[in-house]
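Engineer: Before we start, here is the structure in question, set down as structure tokens.
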Amino acid sequence: MNLLDHFFLQHCQVSLLQGELLRVSRQGAMQDAKVEMNLTPRLMEMDSGDKLPSYQVSARLTCIGGASEKTGPAFSAKVGLETVYQQTSGHPIDISEFTNHHASLARQIYPLLAQELRELLTRLGLSNIQLPFDLKPGSKKITVSPDGIPDRLH
């Protein structure tokens, strides 16, 4: 089930911007990075009179990079969003069904997270950031690194 067929994004707010640059890299040096996305849904309190539920989804995108050598550059960055999805159609979807299918929201949330992550990495002095533009289609596991291959940053 694609939850985007029954829910719309009602609210989105940046909740976390965290970055750490552990060593200074050489100008233009390429660097591998592991990028991971996590979504955590929870049922919102329903207002009296509402028949269809709303869910809050906490989303986190983490990027950890660095060379295996001690002299190489290293960094970590994490961004977070709090989103609220309101059901607009169909029978009321309960928390267990929403949780089973919440990965379908990742294709809408990921671009928002990736934009914030790119800006944070730029502030850390990492230029020419190359994050995936989209998630791997049909993936049951929420991951943004295609086929588990680290992304490259410089």
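Since every read-out is calculated from the coordinates, none of them should be taken as a lab result. Note that the coordinates shown come from a computational prediction; the quantities given were computed from them, not determined experimentally. Please note: Cβ atoms are built from the backbone with ideal geometry, for glycine as well, and neighbour counts cover all protein chains shown.
Engineer: Taking 0.36 nm per intervening residue step and subtracting the Cα-Cα distance, what contour gain separates Glu20 from Lys34 on full extension? All intermediate terms of the calculation are to be shown ahead of the outcome.
Structural biologist: Numbers: separation 14, 0.36 × 14 = 5.04 nm, distance 1.48 nm.
3.6 nm is the gain from fully extending Glu20 to Lys34.
Engineer: Next question, about the same structure. For Gln115 paired with Gln13, estimate the spin-label separation in nm (one decimal), with each label point 7 Å from Cα along the Cα-to-Cβ line.
Structural biologist: 1.8 nm
Engineer: Next question, about the same structure. Could you give the length gained on full extension between Asp5 and Glu82, defined as 0.36 nm per residue of separation minus the Cα-Cα distance, in nm? Write down the numbers at each step before the final one.
Structural biologist: Values: separation 77, 0.36 × 77 = 27.72 nm, distance 2.02 nm.
That works out to 25.7 nm of additional length.
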